[in-house]
1. Please work out which residue of chain A brings its Cβ closest to the axis of the rotation superposing A onto B, and round that distance to whole Å.
2. Relative to the isolated chain, which residues of the range A:209-235 have their accessible area cut by 30 Å² or more in the presence of all protein chains (1.4 Å probe, heavy atoms, no ligands or nucleic acids)?
3. Projecting each Cα onto the charge dipole of chain A (Lys/Arg +1, Asp/Glu -1 at the beta carbon, about the Cα centre), which of A:Pro398, A:Gly496, A:Thr85 comes out farthest on the positive side?
4. Farthest toward the dipole's positive end in the range B:399-485, which of B:Ile453, B:Val430, B:Ile415, given Cβ charges of +1 (Lys, Arg) and -1 (Asp, Glu) about the Cα centre?
5. Toward the positive end of the charge dipole of the range B:49-204, about the Cα centre and with charges on Cβ (Lys, Arg +1; Asp, Glu -1), which of B:Asn158, B:Ile146, B:Ala181 goes farthest?
6. Estimate the FRET efficiency between A:Ala641 and B:Ser302 by the formula 1/(1 + (r/R0)^6), using the beta-carbon distance for r and 60 Å for R0, to the nearest 0.05.
7. May I ask you to report, in nm to one decimal and beginning with the shortest, the distances from A:Asp625 to the same position in the other copies, taking label points 7 Å along Cα-to-Cβ?
8. Figure the gain on full extension for B:Val108 and B:Thr463 (residue separation times 0.36 nm, minus the Cα-Cα span) and round it to one decimal in nm.
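The values are calculated or read from the model by the stated rules, or taken from the named source; none is laboratory data. Note that the structure is a prediction, hence the values are computed from the model and not measured. So basically every Cβ, Gly included, is an ideal-geometry build from the backbone, and we count neighbours across all protein chains shown. Ligands, DNA and RNA are excluded from the accessible area calculation, which covers all protein heavy atoms including side chains. Shrake-Rupley method; radii C 1.70, N 1.55, O 1.52, S 1.80 Å.
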Number of protein chains: 2
Amino acid sequence: MAPQMTTLKGERFDRSLFESVLKRRFFFTESFEIYRLSANFKGENRGLYDYGPPGCALQANLVDSWRKHFVLEENMLELDCSVITPELVLQTSGHVDKFADWMCKDPVKGEYLRADHLVETVLESRLSRGVNGQSKGSTRLDETTIAEYNDILAKIDNYDGSELGDLIKRLDIRNPDGDGAVLPPIPFNLMFKSTIGPSAAAPVYLRPETAQGQFLNFKKLLDYNQGAMPFASASTGKSYRNEISPRSGLLRVREFLMAEIEHYVDPEQKKHERFSEISKVQLPLLDRETQLVGKTETRTMSVEQAVTSRIIDNETLGYFLARVMLFLLKIGADPSKIRFRQHLDNEMAHYACDCWDAELLTSYGWIECVGCADRSAYDLTVHSKYTGASLVVKEVLPVSIKVDEWQVVLDKKFIGSRFKREAKIIQASVETLDQASLEVLAAKLGKEGIVTITTPKLTDGRTAVELSKELLRISKVTRTVTTREYTPNVIEPSFGIGRIMYNLLEHVYWHRSDDVARAVLSLPLAIAPTKVLIVPLSNQPQFTPLVRKLSSRLRSLGISNNIDSSNASIGKRYARNDELGTPLGITVDFETLVDGSVTLRERDTMVQVRGPEDDIIQAVKNLTDGVESWEQISQRMPQFASHNQDTHLLGGRDNINRK
Amino acid sequence: MAPQMTTLKGERFDRSLFESVLKRRFFFTESFEIYRLSANFKGENRGLYDYGPPGCALQANLVDSWRKHFVLEENMLELDCSVITPELVLQTSGHVDKFADWMCKDPVKGEYLRADHLVETVLESRLSRGVNGQSKGSTRLDETTIAEYNDILAKIDNYDGSELGDLIKRLDIRNPDGDGAVLPPIPFNLMFKSTIGPSAAAPVYLRPETAQGQFLNFKKLLDYNQGAMPFASASTGKSYRNEISPRSGLLRVREFLMAEIEHYVDPEQKKHERFSEISKVQLPLLDRETQLVGKTETRTMSVEQAVTSRIIDNETLGYFLARVMLFLLKIGADPSKIRFRQHLDNEMAHYACDCWDAELLTSYGWIECVGCADRSAYDLTVHSKYTGASLVVKEVLPVSIKVDEWQVVLDKKFIGSRFKREAKIIQASVETLDQASLEVLAAKLGKEGIVTITTPKLTDGRTAVELSKELLRISKVTRTVTTREYTPNVIEPSFGIGRIMYNLLEHVYWHRSDDVARAVLSLPLAIAPTKVLIVPLSNQPQFTPLVRKLSSRLRSLGISNNIDSSNASIGKRYARNDELGTPLGITVDFETLVDGSVTLRERDTMVQVRGPEDDIIQAVKNLTDGVESWEQISQRMPQFASHNQDTHLLGGRDNINRK
């Protein structure tokens, strides 16, 4: 069961109020909204959202913070790769076969339901109502059943298709919409498919992750990095997943912005140079073992402790988990609503050997926002094997060593003339043979003069070739090894920017204690869509040059700002900007005309200070640069309490145009 | 004929040398490169590119400059909309029917060729060789034929499919690859198609432009802007066009980053508030009339003059053309290689009523980089008509007026109960009837008691409904009008970021006069991928803390920098960074260890100055902030000429490790 969600101020979180703020202020809207009433509009077009100006700015600021925190801090190599990806690449990576969710069809409604979500929804509903089934004949749940349901829910991500099918049958789980029985789960591939070129003969997919483009460029990246290891590449960009039945608003969408890091590391040396900088960071962990006994309590400990006790596998993985924690805190996530959960075995993507999700608590429960997977050498190995490209690191050994080993020598000229453009693939297949296989082949070659080599699928459909002793020679040699060659392992922190954004907005949302209609988004200055609201107290023309000058001075300091010269009362203008999360407000009033002073208001406290324009601008700059806090500023500058902008809306005195 | 392309230094531009620099430095690479040799890889997967670290940074800096120059400067409202777009939206916008190019199939080769490019390639080849046809029996071109060919080429964009077919037949134009005859041109829709949801029953497309998402949100944008007009929305994001036969490297790609502005303006009032700020900007114009008489000479004049003489239709369009010119100059485009060309009638997209392209001269000829289209009220009108959503501006008139007019009153309750969810569409169809139609209908309704109203396609397939006099009443009334309602016109400056980037790189590329292998990219500081290279003269350990401190000081000033501590000679490290376009280099040498001074090198002149670290950092900051030029700095600071880094590569003395 998801814990009860509360706001920053400890009050019950009301999702419908919250969402109405986001829509009213145009943080986002469902895409093609004006079409949704048309008779010809297909209901399938869900899970797609547009960001309005504040959503767009918030997203840009999150990405910018992410780049500074991760990419620039560690000189990661940025890439921007194609979204459109040929089928062959995603066949090799395993996505064509394995990137699927299980779904059940309700044959009566013609509806498709994601199998694990169906089980989850039905069992949670039974638990909350305390009875089995929807009809009158339902029986009350006994203790054993309650325990069983909770156990299933704790490891719901660990069931495969047939296990889900068994559960659905055994527990008589039906479509909540109409109570119809559903068919057994079948896999549904989540990639959007299209074709490229006028002949329509070449199938392509929209990438489901940015990672593959990064892996395919590994060799170029290593060269660009002048051969030095370890290093990381990074990409931000849209990815696409054709979710079976997207609900939950911005949390389960079919088109989303990802930010992914692929950190390439020596598999025998997963220490991290900068581990000591973060070793004391405290992480709330929910590991695999805890979940498998049906528990959901986290244990908080330092990264160092978690790595030493092998709860977290290695320093590099621990380093990134800690850096993710610091990032989430920096952008304003509520520390009490963050946890790191380890994936269960069946839950992991086909390429991962370990994975920890950073999850944020929201009104939808705990939601995965960042996945930190150890993809081992999986991807580089499969692509290298298929293409024959060398995706390895070569390192000079400090001292050379001698080894006895089976060696295979190919006659490249013969191979080339016989296999043409496929020679490279065959060569790669031979070169990846291990010592044990070579020993067997050497014996066979000696006896029969010919051996069979398994290859990836060739043009003529074969997956093996025969090579005679004229084409290859296998012998035992003593070799002096001066370099070491290895395929790097990949540690991948992968961020869903849209999810982080939505969950963060839930975390920072609250309302003035006396008025649920006066919402506030306490976004940190660094990521707030607009930093400063500039309001002239009156819309008399003599204010115009003053507010314009202020705006342009702030802009030249790189501080985004908006002028609101509308006719609304100053209190309403502030209230509107509280909902937009604008941290600061500068008011130009009639005193400004006299002495050039302006006021500066802070969003959360509504406290105002007054000072000369230059001082106020300096204060704003200090706040945005992080060299001074609001507390310090409000103490050193004279407080101001006369506009009554805020009390106005609180039912206080009306705003007075003072002359 | 495209004029001969020369480099910045007036030498012949060598595209193969240029491209080898871009690939060597990983500005970009063909996507999935390691797969391109595999037998199963489809040749159709072309027109897709990945940007490496410098390309990625350059792209980000271009987008950032664009945002500052356009979006922030004018407080445009930014949006981020779905790429995946339902068929219905793009049917309404006209893209499903009209967003196509003409292509010819070569039935022997099984190849598809874009018809206009085929004609162009073949005629240009004939002109350059001076003969018709490829075979021995070819005849020399006479004066008349040469004139005819040039005339066709000057207006090649003005031919439709059947005209292209006639040309191909009449001039015996064949596939240059094999000389085979081609079939008549057929239209090929350029949108990538897919389906959404597990049922696969809902067709979707990848958006071919970001514009539609912006139009669909018009009402929300207007509300967000508190009803004020004019205003603009803006989006950056990927768009997709399934080009028939992409060649020309980065110029014709299937997936590309666009930056689009939709400026909404009163159709009766296309003046621009800030026109006077840019009225003196000089623009090189190639208007429609000039092209139609087969000429390609530009006329340079001020925007003011062009608008006054109606070469450019109105102030708003002129304003944006001037702002585009200023943007191109700011990012470093060569002023002698920019022109603005007006579209010919048949060349214009189906939604445009006027269009000017900013074109850059490159080794591929003049290439469109920015399109400035007047889309009139086309898009808002079609979407409003289809959905029934009101996409209009309502303005209070300064004085109310009285008008006699036909008025239609619907019985909304009857309509609602009879037409259910389609009532809104029918209502919209009735409300968009003009006065003349209403007059006719009023007469008919009086006589027959029933009228037929045309509608968009309804669920049952009908495109009209019958309404009896119980459902609607049409009568002549005198109305006091206090507000004016209008559908805004849209002026759309649309930028292809990838094209701008590639063309710009051609503009800034040159090589040291004595060595074609020493290439330089003279990118302006503001958009260069890395601003500063930091090089320790030696890789002895005592240099490490010095270069790290320098790097972190620059980073904290927001100045991107790279450390190169590789073993390469200092000259080679500088040469590498000249090819990356890095404008500045700081060298830490043995004197630094003694007195803390470092040197600062400028890329284009290779001049170096020396000073204390603080002074050099201040100089770098002044340069990036634009408050001081390199000329000023090199005059006020002591010059330095001892490292010989640059002369080293020029065949001079070897680099000396001075102690």
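1. Spelled out as residue then distance in Å, it is A:Ser194, 2.
2. Buried-area filter returns A:Leu216, A:Asn217, A:Lys220, A:Tyr224, A:Gln226.
3. Result: A:Thr85, furthest along the dipole toward the positive end.
4. The residue sitting most towards the positive pole is B:Ile415.
5. B:Ala181
6. 0.65
7. 1.0
8. Length gained, B:Val108 through B:Thr463: 123.4 nm.
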